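Chemist: This structure is in structure tokens; I'll ask about it shortly.
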Amino acid sequence: MARPRKPLLSRDRIVEAASALVDSEGLDAVSTRRLAAELGVSGPSLYNHFRNKDEILDAVADAVSAQVDLSMFDESDTRDWRAALHDWAVSYRAALTEHPHIVPVLAQGPGRRPAGLRVADAVFGAMVRAGWPPAQATYIGALMRYFVTGSALGSFARGFVDDETAYDPADYPHLGQAHLLADRRRKVDEGAFETGLRALVDGLCLQYEQLASAGTVRPAPKRS
């Protein structure tokens, strides 16, 4: 009986293996030698698909960007720009929190990554269609990236230890319950994100109204 053939090496297989390494061990775990061993191939064979480790990490980051829901920015979607921005940010953060170790790479911006560029294009296009001046639409895209990637870089709640004795009331009179935060990490972190996100969108709504009063807001005509 013929021996089963190994699956052909492909970009997708390399990215999948690299993503698993990043998720489990962090960015430093990724190397061409380590990936070759994980995939059961020779190291040089990876160079037929990627020139170096940075290109592999770029592809891993782009695979995460591809998980972000952009449907709310479709011109056929009925959500207004406020709801669309909110719902997109929630989806964006969900993708990043599933893969926190790759966030530092994503935080550098999309560069030439196709999925990352589609995200940037969708957000900018939706804001311009809503009437935001192009410069302001650019600022909004940047602002949301700062906020979402920042929220995914670490956990506020996990920054406190589960030890009541660590927060002596004599030294920290307002941290008497801080030792409980670690156990409530998800609730605290998601609550903080939602609070900040709503504050951002509410603030943008005020700016939008001011621009509308000044006649600066001009929704782009719908495409025929």
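Chemist: Counting only residues that are open to solvent by less than 40 Å² (accessible area, probe 1.4 Å) and either part of a loop (DSSP other than H, G, I, E, B) or free of Cβ contacts under 8 Å to residues at least 40 places away in the same chain (or both), how many does segment 16-39 have?
Modeler: Of the residues in segment 16-39, 9 are open to solvent by less than 40 Å² (accessible area, probe 1.4 Å) and either part of a loop (DSSP other than H, G, I, E, B) or free of Cβ contacts under 8 Å to residues at least 40 places away in the same chain (or both).
Chemist: Just checking, how many residues over segment 80-94 are outside any helix (DSSP H, G or I) and touching a Phe, Trp or Tyr at 6+ places or on another chain (Cβ under 9 Å)?
Modeler: So the answer is 0.
Chemist: Does segment 162-173 contain any residue that is assigned to a loop (DSSP other than H, G, I, E, B), touching a residue at least 12 places away in the same chain (Cβ under 8 Å) and either under 23 Å from Leu211 (Cα atoms) or open to solvent by 40 Å² or more (accessible area, probe 1.4 Å) (or both)?
Modeler: Yes: one or more hits.
Chemist: Could you tell me whether Gly131 is open to solvent by 10 Å² or more (accessible area, probe 1.4 Å) and not polar (S, T, N, Q)?
Modeler: So Gly131 does not fit the description; no.
Chemist: I'd like to check something: does segment 127-135 contain any residue that is in the same structural domain as Ser76 (by the TED database) and within 17 Å of Gln67 (Cβ to Cβ)?
Modeler: So far as segment 127-135 goes, no, none of its residues is in the same structural domain as Ser76 (by the TED database) and within 17 Å of Gln67 (Cβ to Cβ).
Chemist: Restricting to segment 151-161, name every residue that is in a helix (DSSP H, G or I), open to solvent by 40 Å² or more (accessible area, probe 1.4 Å) and not hydrophobic (A, V, I, L, M, F, W, C).
Modeler: Across segment 151-161, the qualifying residues are Arg158, Gly159.
Chemist: What number of residues within segment 72-87 satisfy the criterion of being under 21 Å from Glu209 (Cβ atoms), surrounded by fewer than 16 Cβ atoms within 10 Å (Cβ to Cβ) and without any contact (Cβ under 8 Å) to a residue 60 or more places away in the chain?
Modeler: Count: 2.
The values are calculated or read from the model by the stated rules, or taken from the named source; none is laboratory data. Computed from a predicted structure; not experimentally measured. With ideal geometry, Cβ positions are generated from the backbone for all residues, glycine too; neighbour counts draw on all protein chains shown. For accessibility, only protein heavy atoms count, side chains too; no ligands or nucleic acids. Shrake-Rupley method; radii C 1.70, N 1.55, O 1.52, S 1.80 Å.
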